[in-house]
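So the structure is just underneath, and the comments pick up after that.
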Amino acid sequence: MADVPSREQILDAAERLFSARGFSSTTIKQIGHAAGVNSALLYYYFEDKERLYRAVLERLVSQLVRRTLERLKANASPSDRIRGFIEAQVETFVANPELPRLFMREMLDHHAAHAVEQIQHLAATSFKALCDTIAEGQKQGTFRSDLDPRFAAISTVGQVAYFFLARPAVRILLATGRDIPHQTTLSFARHAADFSLAALTCGVTAERPKWRAP
């Protein structure tokens, strides 16, 4: 048990540095220094820098999957589960501010080569559950039947992802100053849920559930 904090220290430091510098420009020595441990200790936990990098990605994706699946598997209507999914997305990105930038760097610098396994994991878990939830709403007559659940799921995911990925631009667009207030982020989460459900239910007469304040 005494070893666990050291491993977590390393992952925390690696997450920050990989996000700020990218995979190629970050060294084991820099990570060890940032973690406050001897660089040799990194090799006790991880075979090499790439394995450490993949462990960082795995930890972040695991948190996202755990939170979003919990909401999507809840005993609730498809609309409420989609609201819960968006809320879980926001909670995860707020708790892990390096996640969006780290994945964007990976996609731009390496075409997601290091993240294939984690993206496949997302596809088989949270993304599939979101698609299934949308399809369930279509079968119930709550959601439009003319939409491809996969595209609708990507659109739902994309709203929150963009808000965090483009945070420097968003704060300028919203004129929020140096950073976006937490309350503004929560307001956007409500908007994103309303926007997604408005698109899914456009032309459907079923009553839409009200947003539950977090």
Could you check the spin-label model distance between Asp194 and Arg150? Points 7 Å from the Cα along Cα→Cβ, value in nm. 3.2 nm
On the Cα set of the chain, report Rg and Dmax in Å, please. 19.2, 63
Between Lys128 and Ser187, what FRET efficiency comes out of the Förster formula 1/(1 + (r/R0)^6) with R0 = 22 Å and r the beta carbon distance, rounded to 0.05? 0.15
Applying the Karplus parametrisation 6.51 cos²θ - 1.76 cosθ + 1.60 with θ = phi - 60° to the phi angles of the range 119-135, what ³J(HN,Hα) value in whole Hz is obtained for each residue in order, glycine and proline being reported as x? 5, 5, 5, 4, 4, 7, 10, 4, 5, 4, 5, 5, 4, 5, 5, 5, 4
How many nm is it between the label spots at Glu136 and Ala76, if each spot is 7 Å from the Cα in line with the beta carbon? 1.2 nm
One finds, for His33 and Ala169 with R0 = 30 angstrom and r their Cβ-Cβ distance, a FRET efficiency to the nearest 0.05 of 0.40
Integer Hz, Karplus 6.51/-1.76/1.60 couplings in order for the range 46-54, x for Gly and Pro: 9, 5, 7, 5, 5, 5, 5, 4, 5
Computed label-point distance, nm, for sites Tyr44 and Val94 using a 7 Å Cα→Cβ extension: 3.7 nm
Estimated FRET transfer efficiency (Arg66, Asp12; beta-carbon r; R0 25 Å; 0.05): 0.85
Computed over the Cα atoms of the range 1-46, what is the ratio Rg over Rh, Rh following Kirkwood? 0.96
Excluding residues fewer than 8 places away in the same chain, name every one of the aspartates and glutamates whose C-alpha is closer than 16 Å to that of Lys73. Glu87, Asp132, Glu136
How big is the range 125-193 by the Kirkwood estimate over distinct Cα pairs, in Å? 13.6 Å
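Only the coordinates and a few stated rules stand behind these numbers; no lab work does. A quick note: this is a predicted structure, and the numbers were derived from the prediction, not measured. Every residue, glycine among them, receives a Cβ derived from its backbone with ideal geometry; neighbour counts consider all protein chains shown.
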